[in-house]
Amino acid sequence: MQLRNMIEAYKPYNEQEIEDKKRILTYIDTYPDVLTRENEIAHFSASAWVVNHDFTKTVMAYHNIYQSWSWLGGHVDGEEDFLKVALQEVNEETGLSKLKPVQTDIYSIEILEVPAHIKRGKEIPEHLHLNVTYLIQADEEEQLLVKPDENSAVAWMFLEEAVEKSSEAEMKEIYRKLNEKIPVVQNQKN
């Protein structure tokens, strides 16, 4: 399976990613439907850490369900090209269209706990997102648009400001990690 090979090839950045990589591979080996929401225990999502051209700011959306500033992304819904999903989600959630992957490889992985919630009138049980993140560059001058059914605000923020504005403690740790990794990627590109 191409998905398993992609996750297996990923080089974890820290202890969290080492452990999450092991668990993600176990989910892939255990469940044939991890690419779709049919699996109510755990399924894949693709996220983007969107940065400006000088890597000093990121785009955050004020998420309606979580009532917090958060990164961009969504369910892969059967699509095996996770980068394509991440780019589509950024466009849908922000209106940004001048998007460029900093690298086509996975930028980070994490398992995210999703609490039970109501979405479009439907009860969604607690589950896990097996998340793959990409580092994407966007034009800071391009107009941002709100997607009312998902977010109520979209804004560029300095990297540390994005961490501070999130009200989800577990996500703050992930955003810090994403910020820490930026110089690593910049050094690889030089």
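Take segment 13-60 and flag every residue that is in a helix (DSSP H, G or I) and open to solvent by 50 Å² or more (accessible area, probe 1.4 Å).
Answer for segment 13-60, where residues must be in a helix (DSSP H, G or I) and open to solvent by 50 Å² or more (accessible area, probe 1.4 Å): Glu15, Gln16, Ile18, Glu19, Lys22, Arg23, Thr26, Asp29, Thr30.
If Glu160 passes every condition in (1) open to solvent by 70 Å² or more (accessible area, probe 1.4 Å); (2) more than 19 Å from the chain's Cα centre (by Cα); (3) more than 19 Å from Met6 (Cβ to Cβ) but one, which one does it miss?
Result: Glu160 fails condition (2) only.
I need the full set of residues from segment 134-172 which are without any contact (Cβ under 8 Å) to a residue 40 or more places away in the chain and in a helix (DSSP H, G or I), in order please.
Result: Glu160, Glu161, Val163, Glu164, Ala169, Lys172.
If you check every pair at least six apart or on different chains, which have Cβ atoms under 6 Å apart with a residue in segment 67-84 that is at positive phi first and a residue that is assigned to a loop (DSSP other than H, G, I, E, B) second?
Going by the 6 Å Cβ cut-off, the qualifying pairs are Gly78/Leu35; Gly78/Thr36.
Would a scan of segment 170-182 turn up a residue that is farther than 22 Å from Pro12 by Cβ and either modelled with pLDDT under 95 or surrounded by fewer than 15 Cβ atoms within 10 Å (Cβ to Cβ) (or both)? I'd like the intermediate steps shown before the answer.
Initially, segment 170-182 is screened for residues farther than 22 Å from Pro12 by Cβ, giving none.
Scanning segment 170-182 turns up no residue that is farther than 22 Å from Pro12 by Cβ and either modelled with pLDDT under 95 or surrounded by fewer than 15 Cβ atoms within 10 Å (Cβ to Cβ) (or both).
Go through segment 130-166 and give me each residue that's at pLDDT below 95 and among the small types (Gly, Ala, Ser).
Scanning segment 130-166 gives no hits.
Please work out which residue is farthest from Arg176 (Cα to Cα), limiting yourself to segment 61-74 and to residues that are open to solvent by less than 40 Å² (accessible area, probe 1.4 Å) and assigned to a strand (DSSP E or B).
Step one: filter segment 61-74 for residues open to solvent by less than 40 Å² (accessible area, probe 1.4 Å), giving 61, 68, 70-74.
Within this subset, residues satisfying the condition of being assigned to a strand (DSSP E or B) are 61, 68, 70, 72-74.
Numbers: Ala61: 17, Ser68: 16, Ser70: 13, Leu72: 15, Gly73: 17, Gly74: 20 Å.
Per the criteria, the residue is Gly74.
The values are calculated or read from the model by the stated rules, or taken from the named source; none is laboratory data. Note that the coordinates shown come from a computational prediction; the quantities given were computed from them, not determined experimentally. Cβ coordinates were reconstructed from backbone atoms using ideal geometry, including for glycine residues, and neighbour counts include every protein chain displayed. All accessible areas refer to the heavy atoms of the entire protein, side chains included, with ligands and DNA or RNA removed. Shrake-Rupley method; radii C 1.70, N 1.55, O 1.52, S 1.80 Å.
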